[in-house]
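The structure appears below as structure tokens.
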Amino acid sequence: MDKKLIKNVEEIFINIFNKKPLLIFSPGRINLIGEHTDYNDGFVFPAAIDKGIALAIQKSELDVCKVYAKDMDEFYEFNLNTISPIKNGNWHNYILGVIAEVQKKEIHLENFNIVFSGDIPKGSGMSSSAALENSIIYALDELFELHLSKKEMINISQKAEHNYAGVKCGIMDQYASMFGVENSALLLDCRIIEAKTYQINFKDYKLLLINSNVKHDLTESAYNDRRNVCEKISKLLNVKALRDVCVSDLKMIQTKISDEDYQKALYVIEENERVQLFSKAILANDLKSLGELLYQSHKGLSEKYKVSCEELDFLVDQTKNNINILGARMMGGGFGGCTINLILNTEIVAFTRDIKKAFMSKFKKECSIYPVALANGTHVVN
């Protein structure tokens, strides 16, 4: 958490509204391993990070609410009695959606003012939307003493995204952002929405994200296609989700499905197994195995599930002969975004220089580098 970011938001709020605000920090998230397993009722391994949304809030005596989005330099005001989605709205709908979901619970809110700003890189797949939603609901809960549980809060955040932003997301992003623990990742069971916290000692290594700064148009249609494949195969196997089957079960219907669909289902089954192995490697303090599992995950995502792209494969391939990097994989939905890398701390500067040069030479584009640390979830800043 950047203290300058918090201080800046507080100072802007005082300058605009002439009041001392309540301050909230809500982090973005990464997913260490377990990609595309969430909608198969499977397991994921997300963690909150030290980048996120800083938000200042206080009650208002006026008959409207005012929000200042510092990074966009945009003011927006609205009436609590006439909340509805904004057509072509951007950040506005995440905020309005949270308020609407609170009001559905017949909770009365008074007017308030907000200033917010963030340091989550745009398009990096670190879930700035979940961080913003969580910052809003957490701030409202604190300010008006709503006494909502954290689970109730993340459900409100998720519904805001479904109903106002129009994104049918799972719960992982909101969960990790809300429940994150410093130096730890969360083994989240996406069926029962419960997690076990694993403290991770990376020793002399650090997590480094490399943003390809590309997003290919395939993402939404490819996501829907793969989800449909998983559901179709689950039906054929007469189970609720692919989380309930093993490789031998899948082999029983291999002749009834295409090889492409077989490979996609096989990836999901194997990725769920990798998440469990990852948790065991953490307990054994076995960083080498963690790295190997990252590489295996990327291979499956690229060759079996086919959600990678040339840029992501290139970034991962560039790490394989580097003895200072234990593992790497693409992170997120695919077809662009970031890779996550486990790298020796002392080698970050040299590797950053080399990978930027190689990426520019190959694609004539910049890639961006972000070291991240595992951090606490959404909280009040004292």
Tilt of helix 287-299 relative to the longest C-alpha principal axis of the chain, in degrees (0 to 90, nearest 10)?
80
Just to confirm the number: angle between the C-alpha axis of helix 91-104 and the first principal axis of the chain, 0 to 90 degrees, nearest 10?
80
Per residue, what volume in Å³ does the Cα convex hull of the chain take up?
146
Taking only the C-alpha atoms, wrap a convex hull around the range 1-113 and report its volume per residue in Å³ as a whole number.
146
Please list 3J(HN,Hα) in residue order for the range 375-382, calculated via the Karplus relation 6.51 cos²θ - 1.76 cosθ + 1.60 where θ = phi - 60°; whole Hz, with x for glycine and proline.
10, 6, x, 3, 7, 6, 9, 7
Cα centroid distance between the range 186-229 and the range 310-382, in Å?
14
Along the charge dipole of the chain, Cβ charges K/R +1 and D/E -1, which of G327, I200, Y138 sits furthest on the positive end?
G327
Work out from phi, with θ = phi - 60° and the Karplus expression 6.51 cos²θ - 1.76 cosθ + 1.60, the ³J(HN,Hα) of each residue of the range 359-364, listed in order in whole Hz, and give x for Gly and Pro.
5, 5, 5, 7, 10, 6
Order by accessible surface, 1.4 Å probe, largest leading, for residues C246, C65, C169 comes to C246, C169, C65
Just flag the trypsin sites (Lys or Arg not before Pro) in the range 92-199 sitting in loop per DSSP whose Cβ has no more than 15 other Cβ atoms within 10 Å.
K105, K122, K168, R191
Report, to the nearest 10°, how far helix 3-17 tilts away from the longest principal axis of the Cα atoms in the chain, using its own Cα long axis and a range of 0 to 90°.
30
Accessible surface, 1.4 Å probe, highest first, among residues V349, V316, V239:
V349, V239, V316
Please list, by residue number, every one of the trypsin sites (Lys or Arg not before Pro) in the range 14-97 that is coil in DSSP and has at most 12 other beta-carbon atoms within 10 Å.
K87
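The values are calculated or read from the model by the stated rules, or taken from the named source; none is laboratory data. On a predicted model such as this, the values are computed, not experimentally measured, just so you know. Note: ideal-geometry Cβ built from the backbone for every residue, glycine included; neighbour counts use all protein chains shown. Each accessible area value is taken on the protein alone, full model and side chains, heavy atoms only, with ligands, DNA and RNA left out. Shrake-Rupley method; radii C 1.70, N 1.55, O 1.52, S 1.80 Å.
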